[in-house]
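Only the coordinates and a few stated rules stand behind these numbers; no lab work does. Quantities reported herein were computed from a predicted structural model and do not represent experimental measurements. Don't worry about glycine lacking a Cβ; one is built from the backbone with ideal geometry, like all the others, and counts go over all protein chains shown.
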Amino acid sequence: MAIQPIASGLLLVLAGASALGDSTPRYAVAPETALKHVYTSSTKLESEPAQMFLDGKEIPKEGHGELRLRVDDSRSISFTDTVAAVADGRPTRFSREFGELENSATESVVAIPPEGEEEVKASTRERASALSGKTVRFTWDGAKEEYARAFEEKGPDEDLLAGLQADAQWLPLLEDGPREKGAAFDLEPALFERVQYPAGELHWKVEGKENDPVSKAITEQLSENLDGKAKATWLGAREVDGRELGVFAVEAQLKSNAEAEAGEGGETRKVELELEYEGEILWDLAGAHLAGYTLTADVRSVLSTTRTVESPKGSVEVRQVFDLRGKAAHRLTVTKE
């Protein structure tokens, strides 16, 4: 009489036993699972002495002194995704509660006159996001192959939903799997937007100030124009603090560019960006979800500003170029609550 229940139980045990040694990364979290994401990043850049041009001709440094630019940017982001349903290797319904969202950037201008001492002028911008403390529902629309977004509570500005990134799990890593240990495969350059923006556009704003439309346009273009080569290599499983984690080694050589003008006849800004990423992405094999990543990058950003000024001899085009180089470090951890 008990044969059927015993057989069913045995099948479950055997299924569980086969899964224990499974080192295949997959996304298959149980409903009502809450995954907390904690992200930190730091970028430090310093320029070579700025180049100055008048009507296309470079001015010798002796004529204007030395000018350098330093940038120190840091961000800290936390959010929790509570999964309601999963199908076809993706969450089809989940809610995202945003926690602490912090963004600080300091720009320092270092000036050394032709005959004088070094002067440093620093400006720090503390930016906040109105999404902090808010919860957004994501629902997969199979027909459109995209997520619909809506706030759980009434009141927040619907414009804040624009640009949010639903997939914080790097699910494209799992496409065309499983893979043999040591197998390398190409990644889309656009995927690396998630290194800097793991939850997408968070609509940062300095309190009491309107956002600079030129900076916004530059940021959007840099994302849209991101291109280059990127690949991941499946390294198999590794035990970390008692957890069996799958490991992807990642590297990328990426470029982008942007240009925007501050109103008719205003200053024109151009940015040429180069990024060389390397690091690891970890997968929780038992939990069947992303465990996090640690990625670093060599960064080069060439910033030029061009404007027209009036002089006794007529209009003159003035161009200033900063060639900034440095390092960026990005870290994400994902844990069950």
Point to revise | Value at 222 nm in deg cm²/dmol, rounded to 500, when DSSP H runs of n ≥ 4 in the chain each add -39,500 (n - 2.57) | key: -3000 deg cm²/dmol
Check your understanding: How large is the dipole of the range 73-186 about the Cα centre if only Lys and Arg carry +1 and Asp and Glu carry -1, each at its Cβ, rounded to the nearest 20 debye?
Key -> 580 debye
Check your understanding: Roughly what angle does helix 3-20 make with the longest principal axis of the chain, taking Cα atoms, 0 to 90 degrees, to the nearest 10?
Key -> 30 degrees
**Study point:** Amide H contacts of residue 66 (H built 1.01 Å from N, under 5 Å, at least 5 apart or other chain)
**Key:** 112
Point to revise | Difference of contour (0.36 nm per residue) and Cα-Cα distance, residue 153 to residue 311 | key: 51.2 nm
Review point. In the range 286-309, which residues have a backbone nitrogen under 12 Å from the label point lying 7 Å from residue 267's Cα in the Cα-to-Cβ direction?
Key: 304-308
Review point. Taking the Cα atoms only, what angle lies between the long axis of helix 213-224 and the longest principal axis of the chain, rounded to 10 degrees?
Key: 50 degrees
Check your understanding: the chain: D in µm²/s via Stokes-Einstein (Kirkwood Rh, Cα pairs, 37 °C, 0.692 mPa s)?
Key -> 143 µm²/s
Point to revise | Difference of contour (0.36 nm per residue) and Cα-Cα distance, residue 227 to residue 57 | key: 58.0 nm
Practice item. Specify whether the C-alpha gyration tensor of the range 58-177 places it in the rounded, prolate or oblate class, a ≥ b ≥ c being the square roots of the eigenvalues: rounded for a/c under 1.5, otherwise prolate if a/b is larger than b/c and oblate if not. Key: prolate
Review point. So if we plug the beta-carbon distance of residue 286 and residue 44 into 1/(1 + (r/R0)^6) with R0 = 25 Å, what FRET efficiency do we get, rounded to 0.05?
Key: 0.10
**Study point:** Table column - 3J(HN,Hα) (Hz), the range 78-86, Karplus curve with 6.51, -1.76, 1.60, x for Gly and Pro
**Key:** 9, 7, 10, 9, 9, 8, 9, 7, 9
Point to revise | the chain - charge dipole about Cα centre, Lys and Arg +1 at Cβ, Asp and Glu -1, debye rounded to 20 | key: 740 debye
